[in-house]
Every structure is written in C-alpha cells, then in structure tokens.
C-alpha cells in the first residue's frame, strides 16, 4: 500500500490523501460516513484514472482512515471544511467531484463553494441530510429522549458486529447544512447513481435531490438490484462509464 501525502490544516489537524497527476479535469472522490479512501470504489477510480492518464485525488476526512482526529468529534460542517481545504490546496483547475453517500452531501457544499471550477458532479447513493432524515426521524420517541438527555445512542450497524454510536450534537449540527428544501444553484452536468435495493439511503433521495438542483443537464441511473455500497464489478463498471462520459463532455 502506498504511503499517503498529508495536508496540514491551521487547526493542527492533518488530512491524508493520494493524488495522481494527469489530464484535466481532476476527478476527486469524497467518501461516505465512517468510510475512507481505501474502499472499493475509491481504489477502482484510482486505478481507472491511472490507466487513462486522468488527474485524480482521494482523501480522508478528519477522524476517518489515516487522517488525524477522533471520529466521534467530527461534524458535517468540519468534514465540509476538510473537503474545501483539500480542493483549494491540493488541486488546480477544473474539477469533477464524485460523492458517495454522505460524500454526496459534502460534494454539493464543496461545489457551491468552488462553483467556477466544477465541471461535473456524480452522486453515488447520495445522502444529503441523512442525520435528520434517516436517523432522527426514524427513532422512537424513547430513543429521541435518550439521545437528547444522554447525548448519545448506540445503533445497530449492518456492516459489522459492533453497534455505532450517534451523538445528539452531531445531528443538531448537521441541520446547519441542509439543502434540499431550497434550490441548489449548481448548473454543471450532474449524474446520480443509486441502487433500488438500497436499505440505507432510499433511491428516492436521488429524485428529491434532482428536483432541488437547478442543473438542466441531470441524469439519474437506477440499478434495480443495487444495494447501498454499489461495489460489485458490474456496478463499478457502470460508475466508470458514467465518469468517462462526463470527462468526454469537458473536452
């Protein structure tokens, strides 16, 4: 495994990243909640961009992967700031952003902050506003009371034997970054990829997001048997085809 580079932030935190030099635009992968830059999709994109000579960057948010910090201290606002810092300090020129799950939400904020540089967006099971829409709103009254009074709540995790702990401050801070109930003023090409068998983020999230985005060049691809991860060889191949078509539009 190659050794990552590190970006030092003014706060003292460090963000781990891998960058490949190549053709413009630079493709950037933004991972999901509790994920990192060594996942199947990130590495597949890395290998594809190497093979095609495309500039590419993947990174870890604070508290994820090889970056500094504790996961439990992270917030959506912090991770949005991490993404913008990486993009402004470690890339140049036009960008295509690919956001997976939570990364799809962070992708939108980063694109709004760097609008003039964004030539395309690809959402993979994009999950904007998931702490409220997919966690808080699905809790029982008793669980909400426990979360509010005790500050945290352990929830079962489908991707491991250990439960994960959600913090009340994490959910409340996330409300500061909601986007879906207003126009999202991004006019670049957008492609949203979602699995119809996704039990974590319903595919209707992508249709709701498509309605909020102002872009007139927007496509949605629904994979009928696709789960949340969308990491099978066939699903990865679909993602790479979408990316290649988006890159072609910039030439």
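Observations, loosely collected:
- Each residue in segment 239-251 was checked for being without any contact (Cβ under 8 Å) to a residue 40 or more places away in the chain and either over 12 Å from residue 191 (Cβ atoms) or in contact with a helix residue (DSSP H, G or I) (Cβ under 7 Å, 6 or more places away or on another chain) (or both), and 2 of them qualify.
- Residues that are surrounded by fewer than 21 Cβ atoms within 10 Å (Cβ to Cβ) and under 29 Å from residue 233 (Cβ atoms) do not occur anywhere in segment 67-90.
- Residue in segment 195-202 that is surrounded by fewer than 17 Cβ atoms within 10 Å (Cβ to Cβ) and touching a strand residue (DSSP E or B) at 6+ places or on another chain (Cβ under 6 Å) present: yes
- If the condition is being over 18 Å from residue 63 (Cβ atoms) and surrounded by fewer than 14 Cβ atoms within 10 Å (Cβ to Cβ), then segment 158-186 contributes 158, 161, 175, 176, 181, 182, 183, 185.
- Condition check for residue 227: buried (at least 17 other Cβ atoms within 10 Å of the Cβ) and either at pLDDT 95 or above or more than 22 Å from residue 181 (Cβ to Cβ) (or both): yes
- Scanning segment 2-17 finds one or more residues that are surrounded by 15 or more Cβ atoms within 10 Å (Cβ to Cβ), within 26 Å of residue 245 (Cα to Cα) and modelled with pLDDT of 95 or more.
The values are calculated or read from the model by the stated rules, or taken from the named source; none is laboratory data. Remember, predicted model here, so these are calculated numbers, not experimental data. Here the Cβ is made from the backbone with ideal geometry for all residues, glycine too, and neighbour counts use every protein chain on show.
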